[in-house]
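Below: the structure, in structure tokens.
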Amino acid sequence: MCGIFGYTGPRKNAGVIVIKGLKNLEYRGYDSWGVAMRLKDGTLSSSKEVGKIGAVRNEDFSDESSLAIAHSRWATHGGVTKENAHPHFSGDQRIAVVHNGIIENFEELRRELEAKGHTFASETDTEVIPHLIEELLKTKGTTLHEAVRAACKRFVGRYAILVMDRTSETLVAARTGSPLIVGVGEKEFFIASDIPAFLEYTRTVEYLDDGEMVTVENGAIRFQNIETGEERAKRLVTIDWTIKDADKGEYEHYMMKEIMDQKQTIQRAVHQDDEQILKVAKAIETCLGCILCACGTAGKVCMAADYFFSVVAKRHVNFAPASEFPIYHHFLKPESLIIVVSQSGETADVLEAMKVARQAGSKVLAIVNTEGSSIARAADFTLLINAGPERAVASTKAATGQMAVLLLIAHAIAGKLNVGRTLLLEASGQINDMLNPRYIEHIRGIAQKIAHHENMYIIGKGWNYPMALESAIKIQEVSYIHAEGFAAGELKHGPIALIEEGTPCIALMGNDEFTADILSNIMELKARGAYIIAVSPVRHDMFDLWIKVPDAGAAQPIVNIIPIQILAYSLAVLRGKDPDMPRNLAKSVTVK
Ligand code: G6P
């Protein structure tokens, strides 16, 4: 959600660097974009557009420049227009700013600045930032970083900002709540919302923490606490992601590449340090109340984990969507344990939930994919799922990796860590066999048969129920078909009224004690004319179409969701939609 990227250093093509970097942040979701660069003669050149950056030629930004900032905007305050796109400028055109997040008190600041003669060209909250900095710079002797720091002290809200000054090669950035990472090269610096923006140039990074700002001036970098001005020493971290990991390679879309990555990612997720897993298992066993908490797909993973803990570990846990979690504050104690799950590690609702947990003194365990992310750093303890960068908006390999780690933990609680690891490694092998061209073609064929439908329903029982919900999300997100997931037994209590002749209904099954029940539910659907597509290890006569999956025991939800990911992808492509960048959605949702 909103991509920020800036460069300062000895290279002479800063415009091209930031445009390319912005293209690498496209996955975050956006509706307009813009760039500002300081040209050789000290003038500021900028352009903004509504729509996608994909087709823009990098060469169009090749004017000689060593300082540039760029932004992809996901509209919050003000419509999707060129005027509202970032960067925004001070009245004297000296300062350019890009921003992620929300300045909640912008109306008050705007009124104050208008009273001092400032005029505004957009409807955004962002525009008050360059104008306020301009105002603060009027005090004689004030440097850019002092003005930015003083401005930040006036802001209420969660934000990340990046500021450039036409009169120097200085970049200043600050954050509270939204991510910012500094890529450190040879006398050059990249400041971005996420690592893929600069992975081509450096894998050495420094993380900006909440409440901190960074100034890059004359080849030197300085971190400070915004409130106190106190300088902070930072550790240089080397990222183990490569450009290849972050590239879609031979695939047309990231989503398909990431689905195929699942040949290896379950194994990578299971590759955890035994001691750490046992420590986490112990914490879950001994805590007084354990709550799983996440958003979107990661939330459905938590619901599946609820079943893992219950069935495998005989341990009761609750799940709360992160946006609802604050209501739980009445029940939180210092002995409570909150397990947050997140691919990006930057989801604002999850960070807010962690804050609530902290206030109650509860401990937080994070299961994330992104090392160094805000959630990873704010947690008491973190487990990484090691899936590599996930760029398609629809989460695939991260979801199955998260389930693998949670299933492993459930086994550890039951004293069966090795059994769990063996089960998951077997599932990983089965997934590797499954993901072959014939299998994918078979599912594409099924997608062709149902792609013209506007409604479809998915049912599951036990741990396949959260996967039915996740299946619905996958199909909705990328194909825009109205899909809904239900607990199979709930059908007869309402949803069955929606079934008409030919309505596609997908049943997710295992080879387990629920088979008889779900077969009865399928019969009920069929009797109303439903067209049954079953994802099941075993074939039954009543299926109209069958997607075979291996019998994977407790790992069945992990295995079952994979053909649905392929189905959702195929439906999107057949309906002419871009599965990597669905409308209205963002990969990393950094606002509440
Ligand atoms: C967004 C994405 C979803 C994702 C959710 C949680 O809504 O579009 O795909 O599941 O955020 O993201 P997280 O990074 O916390 O897993």
Close pairs (8 angstrom Cβ cut-off, 6 or more residues apart or separate chains): touching a residue at least 12 places away in the same chain (Cβ under 8 Å) in region 344-356, more than 8 Å from the ligand (Cβ to nearest atom) and of a type in the set (D, E, K, R) anywhere: A348/R158; A348/K592; D349/K592; E352/K592
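Can T126 be described as hydroxyl-bearing (S, T, Y) and touching a strand residue (DSSP E or B) at 6+ places or on another chain (Cβ under 6 Å)?
Details: hydroxyl-bearing (S, T, Y): yes; touching a strand residue (DSSP E or B) at 6+ places or on another chain (Cβ under 6 Å): yes.
Yes; evaluated as a whole, the condition is true for this residue.
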Residue in region 152-162 that is farther than 30 Å from D349 by Cβ and open to solvent by 10 Å² or more (accessible area, probe 1.4 Å) present: no
Failed item, numbered, when C293 is tested on (1) under 27 Å from D512 (Cα atoms); (2) within 16 Å of the ligand (Cβ to nearest atom); (3) out of contact with any Ser or Thr (no Cβ under 6 Å at 6 or more places or on another chain): (1)
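Looking at K577, K548, which is the one that is surrounded by fewer than 24 Cβ atoms within 10 Å (Cβ to Cβ) and over 28 Å from P196 (Cβ atoms)?
Details: K577 fails: over 28 Å from P196 (Cβ atoms).
That would be K548, the only listed residue that is surrounded by fewer than 24 Cβ atoms within 10 Å (Cβ to Cβ) and over 28 Å from P196 (Cβ atoms).
Which residue out of A233, A269, A246, A281 is surrounded by 12 or more Cβ atoms within 10 Å (Cβ to Cβ) and closer than 30 Å to A173 by Cβ?
Only one candidate passes the filter, namely A246.
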Sole residue being in the same structural domain as H330 (by TED's automatic domain parsing), in a loop (DSSP other than H, G, I, E, B) and not small (G, A, S), chosen from Q267, Q272: Q272
All positions within region 249-266 that are out of contact with any helix residue (DSSP H, G or I) (no Cβ under 6 Å at 6 or more places or on another chain) and open to solvent by 60 Å² or more (accessible area, probe 1.4 Å): E250, E252, Q264
Extreme residue, nearest to T265 (Cα to Cα), among residues of region 426-477 that are of a type in the set (S, T, N, Q) and within 16 Å of the ligand (Cβ to nearest atom): S471
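Among the listed residues L585, L571, identify the single one that is within 24 Å of the chain's Cα centre (by Cα), more than 14 Å from the ligand (Cβ to nearest atom) and closer than 26 Å to G29 by Cβ.
Values: L585 fails: more than 14 Å from the ligand (Cβ to nearest atom).
Criteria check complete, one pass: L571.
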Matching residues, region 348-392, being polar (S, T, N, Q) and either more than 14 Å from the ligand (Cβ to nearest atom) or open to solvent by 20 Å² or more (accessible area, probe 1.4 Å) (or both): Q359, S362, T382, N386
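If I ask for residues that are open to solvent by less than 30 Å² (accessible area, probe 1.4 Å) and hydrophobic (A, V, I, L, M, F, W, C), which ones from region 74-88 would you list? Lay out the reasoning, then the answer.
Filtering region 74-88 down to residues open to solvent by less than 30 Å² (accessible area, probe 1.4 Å) leaves 75, 78, 84-88.
Answer for region 74-88, where residues must be open to solvent by less than 30 Å² (accessible area, probe 1.4 Å) and hydrophobic (A, V, I, L, M, F, W, C): A75, A85.
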Set L525, L508, L491: member being touching a strand residue (DSSP E or B) at 6+ places or on another chain (Cβ under 9 Å), open to solvent by less than 50 Å² (accessible area, probe 1.4 Å) and under 28 Å from G429 (Cβ atoms): L508
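Scan K244, K257, K282 and give me the residue that is at pLDDT 95 or above and either among the hydroxyl-bearing types (S, T, Y) or more than 25 Å from H411 (Cα to Cα) (or both).
Values: K244 fails: at pLDDT 95 or above; K282 fails: either among the hydroxyl-bearing types (S, T, Y) or more than 25 Å from H411 (Cα to Cα) (or both).
Of K244, K257, K282, the one residue that is at pLDDT 95 or above and either among the hydroxyl-bearing types (S, T, Y) or more than 25 Å from H411 (Cα to Cα) (or both) is K257.
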Enumeration of residues in region 320-336 that are open to solvent by less than 20 Å² (accessible area, probe 1.4 Å) and under 23 Å from the mean Cα position of the chain (by Cα): A320, A322, F325
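With respect to N218, is the statement that it is over 19 Å from the mean Cα position of the chain (by Cα), open to solvent by 40 Å² or more (accessible area, probe 1.4 Å) and of a type outside the set (D, E, K, R) true?
On the way: over 19 Å from the mean Cα position of the chain (by Cα): yes; open to solvent by 40 Å² or more (accessible area, probe 1.4 Å): yes; of a type outside the set (D, E, K, R): yes.
When the stated conditions are applied, N218 passes them.
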Test: residue in region 131-140 that is touching a residue at least 24 places away in the same chain (Cβ under 8 Å), in a helix (DSSP H, G or I), assigned by TED's automatic domain parsing to the domain that holds V216 and crowded, with 24+ Cβ neighbours inside 10 Å: yes
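Examine region 172-183 for a residue that is more than 24 Å from the chain's Cα centre (by Cα), open to solvent by less than 10 Å² (accessible area, probe 1.4 Å) and under 23 Å from A151 (Cβ atoms), and state whether such a residue exists. Step through it out loud before you land on a result.
Applying the first criterion (more than 24 Å from the chain's Cα centre (by Cα)) to region 172-183 yields 172.
Now restrict to residues that are open to solvent by less than 10 Å² (accessible area, probe 1.4 Å): 172.
If we keep only those that are under 23 Å from A151 (Cβ atoms) too, we end up with 172.
Within region 172-183 (the criterion being more than 24 Å from the chain's Cα centre (by Cα), open to solvent by less than 10 Å² (accessible area, probe 1.4 Å) and under 23 Å from A151 (Cβ atoms)), the answer is yes, since at least one residue qualifies.
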Pairs, first outside any loop (DSSP other than H, G, I, E, B) in region 315-336, second away from the ligand (no atom under 16 Å from the Cβ) and acidic (D, E), C-beta under 8 Å, six or more apart: N318/D306; F319/D306
Selection from region 296-319 of residues that are within 16 Å of the ligand (Cβ to nearest atom) and over 18 Å from the mean Cα position of the chain (by Cα): M303, A304, A305, F319
Pairs where the first residue, in region 237-249, is within 15 Å of A387 (Cβ to Cβ) and the second is open to solvent by 60 Å² or more (accessible area, probe 1.4 Å), C-beta under 6 Å, 6+ apart: I239/R203
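List the helices (runs of 4 or more DSSP H) inside region 410-507, counting only whole elements, that have at least 2 residues being within 19 Å of S310 (Cβ to Cβ).
417-434, 464-479
The values are calculated or read from the model by the stated rules, or taken from the named source; none is laboratory data. The structure presented is a predicted model; accordingly, all values stated were derived computationally and were not measured. Using ideal geometry, Cβ is built from the backbone for each residue, glycine included, and neighbour counts are taken over all protein chains shown. Just so you know, the surface numbers come from the protein's heavy atoms only, side chains and all, with ligands and any DNA or RNA stripped out. Shrake-Rupley method; radii C 1.70, N 1.55, O 1.52, S 1.80 Å.
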